[in-house]
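What follows is a short report on a single structure.
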Amino acid sequence: MLTLAERHQHILNRLKQEGQVNVLDLCDKLSVSSVTIRKDLKLLEDKGLLFRTHGGATAHNPYTIDRSVNEKEKIQATEKNRIAIAAASLLQPNDSILIASGTTVLALARNIQAKTNLTVITPSLNVALELNRHPEIEVMQLGGVMRKSSSSVTGPYAESILADFSCSKLFLGVDGIDLDFGLSTTNVMEAHLNRQMIKVSQKTIVLADSTKFGKRGFGKICGFEDIDRIITDSGISEYTVKTLEGMGIKVTIV
């Protein structure tokens, strides 16, 4: 049987490799009870070496905070641009698409080359203004209550308009992707609007840099069964990629 120090080292090594650990999995690997593992995780958290979550622990603080779009735009900018270029390559002539709000999907809008008969519906004022410079692209701006931190609209009016459309693709930005909790954002009303977007789209493509994994926002958007593809950067752990692919989600790493 491993000593206390050896168990702790095993847990920290797993966290470094995978970004998160599960209590039941650790019980099986270390041949100890869940009570023992939970005590280990508490001791390590008290030392500031991990953050406990429901059923396990993560290497980083799993809870996201609401930041302005101007602040978010500076975070992981290079990675977001590579993700955006990969997403733009998926567009086809005659596509009718939804682009949600957020800095990664705004980067997508900046990387879209004019396509024949491309129609874009968006709640994001910044996305709409960016695409408005393309005469070949028809832009439909959703209406509603303006959320100032994201420069995008939310609310029942925006949701009701969506019921009249059917789109080939939704490009969705998120604040958190947690393997237990699902996809989330910091704002409940935005999460609800995103769910309506998923309902009217044939495919949902998530654009998220690797820092979003293992994080949770206040408002849950959906589970992984509603997602078709995730485009991210090489900072994502191999464990997370395998888990997502096991759920039938295509993971593209740029």
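So if I check each of Ser160, Ser101, which one is part of a helix (DSSP H, G or I) and of a type in the set (Ser, Thr, Tyr)?
Exactly one residue qualifies, and that residue is Ser160.
I'd like the full set of residues that are free of Cβ contacts under 8 Å to residues at least 60 places away in the same chain and among the polar types (S, T, N, Q), limited to the range 153-183.
Thr154, Ser160
Please find, within the range 163-194, the residue that is farthest from Pro62 (Cα to Cα) out of those that are hydrophobic (A, V, I, L, M, F, W, C) and part of a helix (DSSP H, G or I).
Looking at residues that are hydrophobic (A, V, I, L, M, F, W, C) and part of a helix (DSSP H, G or I), I get Leu193.
Cβ-Cβ below 9 Å, separation at least six or inter-chain, first residue in the range 128-145 and under 14 Å from Leu162 (Cα atoms), second of a type in the set (Asp, Glu) and outside any loop (DSSP other than H, G, I, E, B): which pairs?
Leu142/Glu159; Gly144/Glu159
May I ask you to list the residues in the range 131-145 that are open to solvent by 40 Å² or more (accessible area, probe 1.4 Å) and under 18 Å from Val105 (Cα atoms)?
Within the range 131-145, Asn132, Arg133, Glu138, Val139, Met140, Gln141 qualify.
Which number in (1) at pLDDT below 95; (2) farther than 23 Å from Ala77 by Cβ marks the one condition that Gly248 misses?
(1)
Residues of the range 215-254 being crowded, with 23+ Cβ neighbours inside 10 Å and over 24 Å from Cys167 (Cα atoms), which ones?
Arg216, Gly217
Can you tell me which of Leu108, Leu49, Leu98, Leu90 is surrounded by 14 or more Cβ atoms within 10 Å (Cβ to Cβ), outside the structural domain of His134 (by the TED database) and at pLDDT 85 or above?
Leu49
Somewhere in the range 195-214, is a residue among the charged types (D, E, K, R) and part of a strand (DSSP E or B)?
yes
The values are calculated or read from the model by the stated rules, or taken from the named source; none is laboratory data. What you are looking at is a predicted structure, and each value in this text was computed from that prediction instead of being measured. Cβ: placed from backbone, ideal geometry, glycine included. Neighbour counts: every protein chain shown. For accessibility, only protein heavy atoms count, side chains too; no ligands or nucleic acids. Shrake-Rupley method; radii C 1.70, N 1.55, O 1.52, S 1.80 Å.
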